[in-house]
Amino acid sequence: MPDDRYWHALDTLVAGSEIVVDRPRGSAHPRFPAMIYPLDYGCLAGTRADDGSEMDCWIGSLPDRRLTALVFTADLVKRDFEGKLLLGCTPEEMQTVLASYADGPMAAMLLERPASCNR
């Protein structure tokens, strides 16, 4: 099944990468101080996203940092599109991440991992 291959490929990237948290839960965005991170936010070291930086990720409270969802953003100011990994997020944390993009010039869409694609 194609979905299984996609989620497995992302699992492989996550498993083979160090998760770096550079913006802890409760910290302010460096350029937009009104934006407070509701969860730990960081990246997968040694990976590359479309914008040339490392792959962004939100880290939830579940002890297993398994890939639970993706969030895709459209930024009207930067005029770009990005995908971000949600690792170890509860359903409530997934909605919190999605809601964090509700204000301002960004829009976002959540893609939860289907139960059929769990390891």
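Here are some notes:
- Rg/Rg_globular for the chain, with Rg_globular taken as 2.2 N^0.38 Å and Rg from C-alpha atoms: 1.02
- Net +/- balance of residues flanking Val71 in space, Cβ distance below 13 Å, scoring K and R +1, D and E -1: -3
- Sequence of Glu112, Glu82 from largest to smallest accessible area, 1.4 Å probe: Glu112, Glu82
- Local electrostatic count at Ile36 - Lys and Arg +1, Asp and Glu -1, tallied over other residues with Cβ under 14 Å: +1
- Axis angle, to the nearest 10 degrees, between helix 2-15 and the longest C-alpha principal axis of the chain: 70 degrees.
- Taking θ as phi - 60° and the Karplus parameters 6.51, -1.76 and 1.60, the scalar couplings of the range 27-43 work out to 7, 8, 4, x, 9, 10, x, 6, 8, 9, 6, x, 9, 4, 9, x, 8 Hz in sequence order, x denoting glycine and proline.
- Cα gyration tensor shape of the range 3-56, rounded if a/c is under 1.5, else prolate or oblate by comparing a/b with b/c: prolate
- In order along the range 111-117, phi translates into HN-Hα couplings of 10, 6, 5, x, 4, 5, 9 Hz, rounded to whole numbers, per the Karplus curve 6.51 cos²θ - 1.76 cosθ + 1.60 with θ = phi - 60° and x for Gly and Pro.
- Across the range 1-47, Cα pairs under 8 Å and at least six residues apart give a relative contact order of 38 percent.
- Relative contact order [Cα under 8 Å, 6+ residues apart], the chain, whole percent: 21
- For the chain, the longest principal axis of the Cα atoms and the long axis of helix 91-100 meet at an angle of about 30 degrees.
- Trypsin sites (Lys or Arg not before Pro) lying in DSSP loop within the range 1-110, provided at most 13 other Cβ fall within 10 Å: Arg31, Arg48, Lys78, Arg79
The values are calculated or read from the model by the stated rules, or taken from the named source; none is laboratory data. Here the structure is a predicted model, which is why all the values come from computation and not from measurement. All Cβ positions, even for glycine, are placed from backbone atoms using ideal geometry, and neighbour counts span all protein chains on display. What goes into the accessible areas is simple: the full protein's heavy atoms, side chains included, and nothing from ligands, DNA or RNA. Shrake-Rupley method; radii C 1.70, N 1.55, O 1.52, S 1.80 Å.
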